[in-house]
Amino acid sequence: MKRTQPLLRGSLLSALITAVSACAPAHMAIPRDVGAASDEIVISDRSGMSGMLADESFTMGPYKIVSVDRKHNSSSTTSVAGFSSGDAQGGYAFGFRATEGSYAGQCTSLLDEKSVGLLGGTFGQQNFKVLCECVGPGKASLSMSSDTTSHYRGTVSAHGASYVVEGIYTDEKGSSISRPLGYHLHGSNPVGAVEVLGKGRVWLSRALDTSTRAETACLFAGLLLYQAPQGKMDK
């Protein structure tokens with residue numbers, strides 16, 4: 001029996017490793033234009049905890065995300081990126097520190113009953129338009145909702161330029177996922193991408209100027225912090 005115990009332990013360890021690997025979250029497929037023209041901005045010091053009582057501060061390369069406030073406009077009328085609505089849900093605010101100055105970030109969801117799903121997840125017959133805004137040395141905004149295929153797409157305004165943002169629904173193995181694993185930001189040239197699973201990953205184009213990089217990174221921080229609010233039918 002003593003000789004078989006190491007083999008038994010080894011088998012159990014192997015099975016455990018296999019099970020953990022099978023449950024490991026998928027990584028999104030990195031858009032080719034992003035991978036070739038961008039630098040990955042490393043995310044660190046990010047806790048797996050979230051919510052009103054958790055410290056959700058983290059570091060994103062040269063940037064710091066601080067003072068995450070999930071009580072901010074959580075259920076009341078709000079105004080973000082030029083939109084005002086009493087149907088706002090899941091609002092939150094955060095601070096974003098860059099070398100050129102600090103930004104005040106805020107995001108919210110606005111009820112949109114014309115489509116189904118919320119960032120890829122279904123909540124009754126409700127859908128939420130996602131809005132984010134960062135204001136500091138410059139101003140940037142994001143507005144995104146699902147199209148007729150329930151895939152998320154929208155626009156970003158950063159440092160005087162407009163870009164397209166759209167969900168990434170394919171993982172690195174080529175499998176299609178029903179919810180977005182991240183988002184791709186691009187114009188005539190690639191701008192960057194953000195993966196929202198786990199602690200997250202961020203890429204920014206090497207061609208961006210310092211201000212555009214900071215404003216884009218701030219909006220990406222907003223998407224990393226995003227949590228889908230429950231629809232009325234789920235309460």
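Residues in the range 164-178 that are surrounded by fewer than 21 Cβ atoms within 10 Å (Cβ to Cβ) and either within 12 Å of the chain's Cα centre (by Cα) or assigned to a strand (DSSP E or B) (or both): VAL164, GLU166, THR170, ASP171, SER176. With respect to the conditions (1) assigned to a strand (DSSP E or B); (2) at pLDDT below 95, SER115 lacks only one, and its number is (1).
Residue count for the range 149-204, restricted to those that are closer than 21 Å to GLY48 by Cβ and touching a residue at least 60 places away in the same chain (Cβ under 8 Å): 13. Among the candidates LEU208, LEU219, LEU185, LEU204, the residue that is surrounded by fewer than 24 Cβ atoms within 10 Å (Cβ to Cβ) and closer than 26 Å to GLU100 by Cβ is uniquely LEU208.
The values are calculated or read from the model by the stated rules, or taken from the named source; none is laboratory data. It should be emphasised that the depicted structure is a prediction, and the values quoted were computed from it without experimental measurement. Using ideal geometry, Cβ is built from the backbone for each residue, glycine included, and neighbour counts are taken over all protein chains shown.
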